[in-house]
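One structure below.
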Amino acid sequence: MTIQTAAPLELLQAAEREYEVDNDRESARLLAEATTALFDMLAESRGISLSDDYSAMARELDKRAGNGRHHYVIRLGAGEHLLEHAETGGMEDYGMVEWLHITQGGFIRDTLRELGVDVPPAPAKWRWTYP
Amino acid sequence: MTQPDGEYVRRAEWHLSMVGVYRADANLLLQRGSLHSAGTLLYESTKQCLNAVTNKRGHNPVYTRQKMRYLGVIVNQRLDSQSVLEDGWQAALKLHIHADRGNLADDAFESNWRDAQMFIDNMLEIYAEEES
């Protein structure tokens, strides 16, 4: 499988543009896509076989991190919640939309930087400020 | 940082005590196999952590969305704990959703439970540091 290494960043930036104009269901869809694209990049960089089983991939990434955490499993789950929000708007019920955008955007940025991608700073709307 | 007045301090101490109460009850319910109720109470314990730390700082967020924003600010100040706090809160939210929908498989419940517990441990450390 050939990986489009620029795809996660492009998808993230497209999500940022949609979120800027309050189109949070489309931005959620784009962030969910960016998440799986990022997992493809992570798998390739760590020598893990690519497949459609992202859960297995996330578990393997956590296992290799070796700290007993479930970081990648949880971030993959956040991507699933984002997709659900895109399809049903259901995450608004839990007040999670802003949380999912900022934390998942941060995860994608940080991971891309770890992988050597030049990532510009996050727009203001993607940073926490006091309410 | 300005010192919070007595009302905030009293609220912080109350919320801190409820962190322990909800967590202990959650652990008991887990032992009894009442996973939905256990998850709900552990989620409540994580929220009480946020209430305790924010009141200790002189803020009293009411709505969950406000609490999440305060958590975001705490995360920005604690970059060494960023991943544990963000993942732990996400895990607690999943336990909360599971109580509504019953959507987590056993292994997913277990991993979210552990990460939510780590969140509570970290927040208790942050609270203790605020006191010193």
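Any read-out appearing in this document is the output of simple, stated calculations on the displayed coordinates, not a laboratory observation. Worth saying up front: this structure is predicted, and the values here are computed from it rather than measured. For neighbour counting, all protein chains shown are included, and Cβ atoms are generated from backbone atoms with ideal geometry for every residue, glycine included.
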### Query
How much length is gained on full extension from B:A105 to B:Q31, taking 0.36 nm per residue of separation minus their Cα-Cα distance?
24.9 nm
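Within 10 Å of each Cβ in peptide B:83-89, how many partner chain Cβ atoms are there on average? Round it to a whole number, please.
Numbers: counts 9, 3, 1, 10, 11, 3, 4.
For this peptide, the per-residue mean of nearby foreign Cβ atoms is 6.
Which semi-axis lengths, in whole Å and largest first, follow from the square roots of five times the eigenvalues of the Cα gyration tensor of the protein assembly as shown?
Numbers: eigenvalues 188, 94, 57 Å².
Computed over the protein assembly as shown, the values are 31, 22, 17 Å.
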### Query
Of the peptides B:103-109, A:99-105, B:28-34, how do they stack up when ordered by the mean number of other Cβ atoms within 10 Å, highest first?
A:99-105, B:103-109, B:28-34
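Averaged over peptide A:122-129, how many Cβ atoms belonging to another chain are found within 10 Å of each residue's Cβ? Could you put the intermediate results ahead of the total?
Numbers: counts 0, 0, 0, 0, 0, 3, 10, 4.
Rounded to a whole number, the mean comes out at 2.
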### Query
In a shell of Cβ-Cβ distance under 12 Å around B:T64, excluding B:T64 itself, what net charge do Lys and Arg (+1) and Asp and Glu (-1) give?
0
### All-pairs alpha carbon distance profile, the range A:25-111, 10 Å steps from 0, percent
18, 50, 27, 5
### Query
If you put +1 on each Lys and Arg Cβ and -1 on each Asp and Glu Cβ, how big is the dipole of the range B:48-109 around its Cα centre, in Debye rounded to 20?
440
### Task
Any chance you could give the angle, 0 to 90 degrees and rounded to 10, that helix A:24-46 forms with the longest Cα principal axis of chain A?
20
### Summary
For chain B, Rg(Cα) over 2.2 N^0.38 Å is 1.03
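Taking beta carbons within 10 Å but only from partner chains, what does the mean come to for residues A:72-81? Kindly include the intermediate steps, with their values, before the conclusion.
Details: counts 1, 7, 12, 4, 0, 9, 5, 0, 0, 4.
Mean inter-chain Cβ contacts per residue within 10 Å come to 4.
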### Task
Using Cα positions and a limit of under 18 Å, work out the lysines in reach of B:K56, with same-chain residues fewer than 8 apart set aside.
B:K47, B:K67
#### Entry: On Cα atoms only, tilt of B:82-101 relative to the major axis of chain B in degrees
50
